[in-house]
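Before any comments, here is the structure.
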Amino acid sequence: MVSRVIPVDPFDLVVIGGTGDLARRKILPALYRRFCAGQVPDDAQIIGAARTAMDDAGYRDFVGAALDEFAGAAGCEDRARFLSIIGYVTLDVLGDAGWTELAGRLGQDRVQAFYFSVGPSLFGPIAERLQTYGMAGPDTRIVVEKPFGRDLTSARALNTDLARHFDEGQIYRIDHYLGKETVQNLMAIRFGNMLFEPLWNSQYVDHIQITVAETVGVEGRGEYYERAGAMRDMVQNHLMQLLCLIAMEPPSKFDPDAVRDEKLKVIRALDPIAPEDVVRGQYLADGDRPGFREHVGNAESTTESFIALKVRISNWRWAGTPIYLRTGKRLRARTSEIDVVFKDTPHSIFGPEAGRHRNILTIRLQPNEGIDLGVTIKEPGPGGMRLVDVPLDMTFAQALGPDAKDVPDAYERLIMDVVRGNQTLFMRGDEVEAAWAWTDPVIAGWEEAGTAPIPYDTGSAGPEESLALMHRDGRRWREIRA
Ligand code: BG6
């Protein structure tokens, strides 16, 4: 199987906050890899812009160092050629210095994208200056990152600020989970196969589990994380997006608004969450490794580093089929997966001694992306009919051969989609607001009740109470394993 690389048209991409962590770790390496793959034309321009005074040569050194550190094994022989399309403008995002120079650097008649790789408080001022300095034309696109607000009010304010200067069709709100290969595969699996869709409803599906487990803690991000917690950092965006893709109705076509309309309907159909359906946790210190409270510098922190929720969707397709979400830091393994657990057969012809067997479709997002369908077969050998569950395992790396390793990472795909003008994998303003409208009362619920997160051990599956959340429904979480 040969993957095709279709070069994009020449473009200017300005990375505002070009010396920041996200630029170093993700944006610049992603552009480099796409350049090496032949997708970025030689006459494209990538311009870093930030407060630090620097010239083009200084920034090229900075970019070179970032590639050494973060571009991994990927690369091409002509790194110099990539660096030659890089420039830099010293910019005061809250003042006037640098904006005229930036405008003068941009090419004519080509896509211009501005990546706001800065905190959300700067989104409004930057959008305003782009307009003032004549850089908000009809072909301009702006890219903003999470956190897109910390509640509905602040998200609305950000949307309003951006809408003063740009149309919705020019605003690309990134949720990097949507750029992951297997996340898009969710749509391919659901809507490209006849096999699954007829069974994809509460008549056949007992429940769905979505787990995003990490082994890292919040080292170095304590200040942000103490204010966010797992609900705002992961559930409101990444897990919500997974939930939407797994639960939405088939869009009429694979087109940005058709897909996003269906996702929005799912969010709007979510029931409010009852307090007993939420379990929050906080990781403890582990030997020399500090615990959550040390990481965030607050001995009385009530922010969660783990959360498990039971979610219900009130619509014809899903009424009666709960969706359990869980995410946390410092857990047993780094793994993200979705498990669709089908119902028991209506009647077992093999009798009670055959035990209970269920089909489970596991969609592994990372690592070892792939799908795995648990089917029940006869245990081989003589001596009666004993049943056993075996996986029909399809790891994409095996199935697709060498091409699987060339799969672009989320940022590569998303940045190229910005240049191509495809918003399918970006969140629309109303979608983000709907997600906050559902999230806010959940957070208010535990804040009003004054409940504290439950401590859990590093390397565990989170607090025991999260197991109980499932047990009381006669269900159990799938094991967290790499
Ligand atoms: C980020 C969160 O959006 O996603 C982090 O802010 C989290 O806390 C990260 O670690 C997880 O992303 P990935 O791609 O490593 O699963």
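The values are calculated or read from the model by the stated rules, or taken from the named source; none is laboratory data. Computed from a prediction, not measured in an experiment: that's the story for all the values here. Here Cβ is always computed from backbone atoms with ideal geometry, including for glycine, and neighbour counts include all displayed protein chains. Heavy atoms of the whole protein, side chains included, go into the accessibility calculation; ligands, DNA and RNA do not. Shrake-Rupley method; radii C 1.70, N 1.55, O 1.52, S 1.80 Å.
Within region 1-10, the presence of a residue that is in a helix (DSSP H, G or I) and surrounded by fewer than 18 Cβ atoms within 10 Å (Cβ to Cβ) is excluded. Return a yes/no flag: does region 395-411 have any residue that is more than 16 Å from the ligand (Cβ to nearest atom), over 20 Å from Arg476 (Cα atoms) and aromatic (Phe, Trp, Tyr). Yes, region 395-411 contains at least one residue that is more than 16 Å from the ligand (Cβ to nearest atom), over 20 Å from Arg476 (Cα atoms) and aromatic (Phe, Trp, Tyr).
Looking only at residues that are open to solvent by 60 Å² or more (accessible area, probe 1.4 Å) and part of a helix (DSSP H, G or I) in region 218-227, which one is farthest from Asp473 (Cα to Cα)? Across region 218-227, the extreme among qualifying residues is Glu223. As a summary of the residue check, Val279 satisfies the conditions (1) more than 26 Å from Ala449 (Cβ to Cβ); (2) outside any helix (DSSP H, G or I); (3) away from the ligand (no atom under 16 Å from the Cβ); (4) at pLDDT 95 or above except for the one numbered (1). Is it the case that Thr362 is closer than 30 Å to Gln398 by Cα, open to solvent by less than 10 Å² (accessible area, probe 1.4 Å) and more than 16 Å from the ligand (Cβ to nearest atom)? Criteria met by Thr362. For the residues Ile208, Ile267, Ile273, the requirement of being assigned to a strand (DSSP E or B) and either on the phi < 0 side of the Ramachandran plot or touching a His at 6+ places or on another chain (Cβ under 7 Å) (or both) singles out Ile208.
Yes/no matrix, rows are residues, columns are (1) open to solvent by less than 20 Å² (accessible area, probe 1.4 Å); (2) away from the ligand (no atom under 12 Å from the Cβ); (3) within 28 Å of Leu13 (Cα to Cα); (4) among the acidic types (Asp, Glu):
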residue: Ala157; (1), (2), (3), (4): no, yes, yes, no
residue: Leu162; (1), (2), (3), (4): yes, yes, yes, no
residue: Ile174; (1), (2), (3), (4): yes, no, yes, no
residue: Phe191; (1), (2), (3), (4): no, yes, no, no
residue: Met194; (1), (2), (3), (4): no, yes, no, no
residue: Leu199; (1), (2), (3), (4): no, yes, no, no
residue: Ser202; (1), (2), (3), (4): no, yes, no, no
residue: Gln209; (1), (2), (3), (4): yes, yes, no, no
residue: Val216; (1), (2), (3), (4): no, no, no, no
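Listed by first and then second residue, the pairs linking a residue in region 120-132 that is within 11 Å of Ala103 (Cβ to Cβ) to a residue that is open to solvent by less than 90 Å² (accessible area, probe 1.4 Å) and aliphatic (A, V, I, L, M), with Cβ atoms under 7 Å apart and 6 or more places separating them unless they lie on different chains, are Leu130/Ala136. Given the options Ser301, Ser305, Ser314, name the one that is of a type outside the set (A, V, I, L, M), over 13 Å from His207 (Cβ atoms) and open to solvent by 10 Å² or more (accessible area, probe 1.4 Å). The unique qualifying residue is Ser314. The number of residues in region 159-182 that are among the hydrophobic types (A, V, I, L, M, F, W, C), in a helix (DSSP H, G or I) and touching a Ser or Thr at 6+ places or on another chain (Cβ under 9 Å) comes to 1. If the condition is being more than 20 Å from Gln112 (Cβ to Cβ) and touching a residue at least 40 places away in the same chain (Cβ under 8 Å), then region 41-64 contributes Arg51, Phe62.
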